[in-house]
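Q: I'd like to ask you about the structure that follows.
The values are calculated or read from the model by the stated rules, or taken from the named source; none is laboratory data. Keep in mind it's a predicted model, so treat the numbers as computed, not measured. Using ideal geometry, Cβ is built from the backbone for each residue, glycine included, and neighbour counts are taken over all protein chains shown.
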Amino acid sequence: MDQVSAKVKEVLENGLEGCEAFLDTEPNGRVTGHVVAREFDDLSYEDRRKCIRAVIEEAVTSGRLTREDALSVSTLLTYTPDEWAVTLPDD
């Protein structure tokens, strides 16, 4: 995990209730990954994305992330803890 991914991970895990972020930096510099948070319970996909954007924007405003850091965030798939815990049967 590079420095930007580590900063984004810290921001998300501190900014969302019961959050664990699994992030990677792609070769093109984009930060992608999975975000699991209790805060996502009963929220739609769009509302989950709004939560993430709000946390990232607040981090930019407070100086914990630069605007460039925030713009590097790409695809973040969101899950509740129950969704993340689902195991698929072997075929």
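Q: Search segment 1-29 for residues being touching a residue at least 12 places away in the same chain (Cβ under 8 Å), of a type outside the set (Gly, Ala, Ser) and assigned to a loop (DSSP other than H, G, I, E, B), and hand back the single one that is farthest from residue 69 (Cα to Cα).
A: Going through the qualifying residues, I end up with 17.
Q: Additional query: So, in segment 30-46, exactly how many residues are surrounded by 12 or more Cβ atoms within 10 Å (Cβ to Cβ) and either farther than 21 Å from residue 85 by Cα or touching a residue at least 24 places away in the same chain (Cβ under 8 Å) (or both)?
A: In the first step, residues of segment 30-46 are kept if they are surrounded by 12 or more Cβ atoms within 10 Å (Cβ to Cβ); the result is 30-41, 43.
Remaining after also requiring either farther than 21 Å from residue 85 by Cα or touching a residue at least 24 places away in the same chain (Cβ under 8 Å) (or both): 30-38, 40-41.
Total meeting the criteria: 11.
Q: Going through segment 75-89 one residue at a time, which ones are of a type in the set (A, V, I, L, M, F, W, C) and either closer than 20 Å to residue 30 by Cβ or at pLDDT below 90 (or both)?
A: Of the residues in segment 75-89, the ones of a type in the set (A, V, I, L, M, F, W, C) are 76-77, 84-86, 88.
Passing the criteria: 76, 77, 86, 88.
Q: Which condition does residue 3 not pass, out of (1) surrounded by fewer than 14 Cβ atoms within 10 Å (Cβ to Cβ); (2) modelled with pLDDT of 95 or more, if it passes all the others?
A: Unmet for residue 3, out of (1) surrounded by fewer than 14 Cβ atoms within 10 Å (Cβ to Cβ); (2) modelled with pLDDT of 95 or more: (2).
Q: How many of the residues making up segment 15-48 are farther than 13 Å from residue 78 by Cα and under 11 Å from the mean Cα position of the chain (by Cα)?
A: The number of residues fulfilling the criteria is 3.
Q: Hey, among the residues in segment 64-91 that are within 16 Å of residue 6 (Cβ to Cβ) and of a type outside the set (S, T, N, Q), which one's surrounded by the fewest Cβ atoms within 10 Å (Cβ to Cβ)?
A: The selected residue is 68.
Q: Mind checking which residues of segment 49-59 are of a type in the set (Gly, Ala, Ser) and either surrounded by 20 or more Cβ atoms within 10 Å (Cβ to Cβ) or closer than 11 Å to residue 76 by Cβ (or both)?
A: Residues of segment 49-59 that are of a type in the set (Gly, Ala, Ser), as a first pass: 54, 59.
The one that is of a type in the set (Gly, Ala, Ser) and either surrounded by 20 or more Cβ atoms within 10 Å (Cβ to Cβ) or closer than 11 Å to residue 76 by Cβ (or both): 59.
Q: Sort out which residues of segment 55-81 are on the phi < 0 side of the Ramachandran plot and either part of a loop (DSSP other than H, G, I, E, B) or free of Cβ contacts under 8 Å to residues at least 12 places away in the same chain (or both), and write them in order of number. Give the steps one after another, and end with the answer.
A: So in segment 55-81, the residues on the phi < 0 side of the Ramachandran plot come out as 55-62, 64-81.
Across segment 55-81, the qualifying residues are 60, 61, 62, 64, 65, 66, 67, 68, 71, 72, 80.
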